[in-house]
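The values are calculated or read from the model by the stated rules, or taken from the named source; none is laboratory data. Being a predicted model, the structure only gives us computed values, none of them experimental. So basically every Cβ, Gly included, is an ideal-geometry build from the backbone, and we count neighbours across all protein chains shown. Accessible surface is based on the protein model in full, side chains and every heavy atom, while ligands, DNA and RNA are left aside. Shrake-Rupley method; radii C 1.70, N 1.55, O 1.52, S 1.80 Å.
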Amino acid sequence: MLLSAALVATASAAQPNPAKTRAYIDQAWTTLTRSQDECKSLLDPKIKTRPVLYVPAQFTMTPDLLQVEKRCNIDVHALPKPVEQLGDIDATRLPVQGLLYLPHPYVVPGGFFNEMYGWDSYFIMLGLVADHRTELARDMVDNALFEVQYYGGVLNANRTYYLSRSQPPFLTQMMVSLLDDPASFRNADEKRAWLEKAYPLAVRNHDIWTRPEHLAGDTGLARYYDFGSGPVLEAQDSEFYRGVIKWLIAHPNDNPGYLLKASQHPDAAEAARLKTESCDVSTSKVCAGDWYGGYRLTADYYHGDRAMRESGFDTNFHYGPFGGSTHHYADVSLNSLLYRYELDLRDFAQQLGKTADAEHWAQAAAARKQAMNKYLWRPEFGMYRDYDFVAGKPSDSPYLTTFYPLWAGAASPEQAASVRSKLSIFELPGGLAMDNRPSGAQWDAPFGWAPTNWLAVAGLDAYGFHDDAQRVAGKFNATIDRSFAADGTIREKYNMASGNANVKISAGYTTNVIGFGWTNGVYLKMEEILSGAKEKLAQ
């Protein structure tokens, strides 16, 4: 009888129940919220030394910060100089890595995170707005604007080791979500005053993507690029990079030239050469350990590795093994986001009566769209493809980001219909996978993610493909419900072939973090799509 009862309970617990998923999300916003006046929020599990909180160089130490320093047993330091743009501070020269101060509470992605992440924050904010948590949503946007003002741009996350890179640019869409929510501001005057302060910071954040380093050759398009070099500072050891070397040695036909013959213990002359050809073994323990089987990684690979992390698609094989050629591409995702960003800046300028600014942004968007049609739209494939401007050719494989131009409004009706006809490349029982080429990396097939599923669904819906949008939304949310019923949590990624959280990674990061902020937010947005379909049926 006890066994029978246990089996009944197990079967009952395993039944997907959207109401239970929804209840979890409602509680998760609180669980995932961090505030820098809480001691637990100041820890970094990746750093074993005493926690450090860095404040902008312009700040004077306030009594509140002094109190936090004492109460939480941390060190509070000012950055060595004001930051005008990303890369102004070389984080390798700081005495210790630490958290960067943010003035407001924020929602972290999940799991062990204590920092606010760049593109995660947009999808988290969509969920906060949908869940009527307006104050916290505004805090998220104000924190992002604070990062632009004091740290040079919206960062990968508010850690010193991210001072050299941003993430996919969703800042203006975060602003739009806030401005469109009637509960965000007490009145029209407050709303306009906020926009007047936010607009120049949004422009400054756009400047990141027009710096020479972020230009994709002479295409008129942008690329992902980190202003640092060598192994990333958040890497605590050489395990990841040695794994890359081992894979490349085992797959010589798939090596784009990332390997460099070198000694495990180079002498002074070789070490000096490696500074430019690979990385600085004399100053970086991780670099020194990045050796296996007679090989090290090239400097160009490290640039690609850093760019891959800025793209958010870490790790993938779409932009070369382990994403090591990411910086060689004019990327569909990035340029779609920038097109939407420029249209948003046009709209903001119009609202503020800045006619010349509005015309400038309209022209910038039109020029980007023209370049996207020239380099990224591939009529022979009927879809958008990333463009390798170094090799002068499009990517040889599809990627789910082909739907980004629909979300951004950059596609013509004919282009949108063509992209829509390629859904079968990506659509699986659980939702949309990143591509159709399994590699073992988490940003490739058969794995799917909340942000890319949402952007595809929203793009399809915007162009009138409502049935497709509702079908995919239903599949995605059903995957979340099934997985939640199985293990009682929500994850960062899912297996779209099996429609659950059974994600086995063999290349790169292997964990499937729980939480999870952007999945929570997208689940709520998918619910809106599905609710709209139900309302139509009821009419």
Checklist entry - Got at least one residue in region 504-517 being touching a Lys or Arg at 6+ places or on another chain (Cβ under 9 Å) and on the phi > 0 side of the Ramachandran plot? => result yes
Next on the checklist: I'd like the full set of residues that are among the aliphatic types (A, V, I, L, M) and open to solvent by less than 50 Å² (accessible area, probe 1.4 Å), limited to region 482-519.
Outcome noted: ALA485, ILE490, MET496, ALA501, VAL503, ILE505, ALA507, VAL513
Item to check | Counted residues, region 304-320 - those being outside any loop (DSSP other than H, G, I, E, B) and open to solvent by 10 Å² or more (accessible area, probe 1.4 Å) | outcome: 2
Item to check | Cβ pairs under 6 Å, 6+ apart, first in region 432-443 and in contact (Cβ under 8 Å) with a residue 12 or more places away in the chain and in a loop (DSSP other than H, G, I, E, B), second among the β-branched types (Val, Ile, Thr) and open to solvent by less than 10 Å² (accessible area, probe 1.4 Å) | outcome: ALA441/THR315
Item to check | Hits in region 396-414 - residues which are outside any loop (DSSP other than H, G, I, E, B) and touching a helix residue (DSSP H, G or I) at 6+ places or on another chain (Cβ under 7 Å) | outcome: LEU400, THR401, THR402, PHE403, TYR404, PRO405, LEU406, TRP407, ALA408
Checklist outcome for this item: For region 65-118, the count of residues that are not in a loop (DSSP other than H, G, I, E, B) and not polar (S, T, N, Q) equals 18
Checklist entry - If you take just the helices (runs of 4 or more DSSP H) that sit entirely in region 133-242, which of them hold at least 3 residues that are within 30 Å of GLN351 (Cα to Cα), open to solvent by less than 10 Å² (accessible area, probe 1.4 Å) and without any contact (Cβ under 8 Å) to a residue 60 or more places away in the chain? => result 134-151
Next on the checklist: Going residue by residue through region 452-459, is there one that turns out to be among the aromatic types (Phe, Trp, Tyr) and open to solvent by 30 Å² or more (accessible area, probe 1.4 Å)?
Outcome noted: no
Next on the checklist: Given the condition among the aliphatic types (A, V, I, L, M) and within 17 Å of GLN36 (Cβ to Cβ), answer yes or no: does some residue in region 117-135 qualify?
Outcome noted: no
